[in-house]
1. If Arg209 satisfies every condition in (1) more than 12 Å from the ligand (Cβ to nearest atom); (2) without any contact (Cβ under 8 Å) to a residue 40 or more places away in the chain but one, which is the exception?
2. Condition first: farther than 22 Å from Asn202 by Cα, within 15 Å of the ligand (Cβ to nearest atom) and touching a residue at least 24 places away in the same chain (Cβ under 8 Å). Can you find one or more residues in the stretch 126-137 that meet it?
3. Using the structure shown, decide if Lys174 is more than 12 Å from the ligand (Cβ to nearest atom), over 14 Å from Gly131 (Cα atoms) and out of contact with any helix residue (DSSP H, G or I) (no Cβ under 9 Å at 6 or more places or on another chain).
4. Could you tell me which residue of the stretch 174-191 is farthest from Asp139 (Cα to Cα), considering only residues that are touching a residue at least 60 places away in the same chain (Cβ under 8 Å) and out of contact with any Phe, Trp or Tyr (no Cβ under 6 Å at 6 or more places or on another chain)?
5. Collect the residues in the stretch 27-49 that are charged (D, E, K, R) and crowded, with 20+ Cβ neighbours inside 10 Å, keeping them in residue-number order.
6. Against the definition (farther than 30 Å from Tyr270 by Cβ, at pLDDT 95 or above and not hydrophobic (A, V, I, L, M, F, W, C)), how does Thr58 come out, yes or no?
7. Do you know which residues across the stretch 150-168 are more than 14 Å from the chain's Cα centre (by Cα), part of a helix (DSSP H, G or I) and touching a residue at least 24 places away in the same chain (Cβ under 8 Å)?
8. Within the stretch 46-66, which residues are in contact with an Asp or Glu (Cβ under 9 Å, 6 or more places away or on another chain) and either outside any loop (DSSP other than H, G, I, E, B) or under 16 Å from Thr208 (Cβ atoms) (or both)?
Amino acid sequence: MWVYLNGQILKENEARISPLDRGFTFGDGVYEVIPCYDNQLFLFDEHLKRLKASLELTFIPLTDEIKNLDKILLELQKKNKFLNQSFYIQVTRGVDEVRAHAVEKKMHPTVFVTSQELQKNPYRIDPNQEGIKVRLEEDIRWHRCDIKTIALLGNTLPINDPNKPKVDEIIFHKDGIINEGSKSNVFIFHKGKVLTPSLDQNILPGITRGHIIKEMRNNDIDVHETEISIEQFLAAEEVWITSSTKEVQPVSKINEYTLPSKNLEDSIWYKVLKFI
Ligand code: PDD
């Protein structure tokens, strides 16, 4: 795999990052994930805007390479050759001389970009197959989930608990209200309405979420950004998740509970999948 690191395109095994990089010592950085279909970047401007917002909110300076990110991605895309790729852009505050919480001197951010093959959404190949399995968990993350930070222990811990059954995604809730998945946003269809948690809650403003909300509204599908209780979530007719790598995927099992099956042609999630 070819990667980009601080101005150079390199083979992945030639890329070197200092162990004193604050990304390693503090998880002090942000990231972005951008899909590319048929060699075309998808919703690039929206992703770039969110990356700039994450940098601004964490006081990490915007470097020239971020301003030219599209050129870097297209160069990597040619080198790695996959027709569909997902780019991971990680920007840390940079390398410290000694480990210290406070930054004493002007730092230069580390910019690292990888691209990997983006697998075709299995629900495009066979939309009738069983949906994904999810587990509800108390949201133990910090209070700034609007920032796309590389410090993801709160997101990765529950899915790696060896004492719990294996699931495809964790759905976080706080005080009885659903927030989002550990790596996705969530939607339900309940009593004739599409509901999704509002951005006033502690969630990431997902680019896929924003795109499909806009498309649903353009196509006269009523969608409400509002609180969803655990009870509503469990009583929903449909539940689906959205993200830049999963697109739209239906849920069939929540903990031990199996959602009632529904005719594909009547399913809202399937209509929504076509907006991507
Ligand atoms: N995850 N919420 C969380 C916590 C996420 O990590 C993600 C994306 C989303 C969906 O956002 P978007 O539609 O912009 O991809 C919501 C990415 C794909 C990841 O970490 O790999």
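1. Unmet condition: (1).
2. Looking through the stretch 126-137, at least one residue is farther than 22 Å from Asn202 by Cα, within 15 Å of the ligand (Cβ to nearest atom) and touching a residue at least 24 places away in the same chain (Cβ under 8 Å).
3. Yes.
4. Per the criteria, the residue is Phe189.
5. Asp28, Glu32
6. So Thr58 fits the description; yes.
7. Leu153, Pro158
8. The answer is His47, Leu48, Arg50, Leu51, Ala53, Ser54, Leu57.
The values are calculated or read from the model by the stated rules, or taken from the named source; none is laboratory data. Note that this is a predicted model, so its numbers are computed, not measured. Ideal geometry is used to build each Cβ from the backbone, glycine not excepted, and the neighbour counts take in all protein chains shown.
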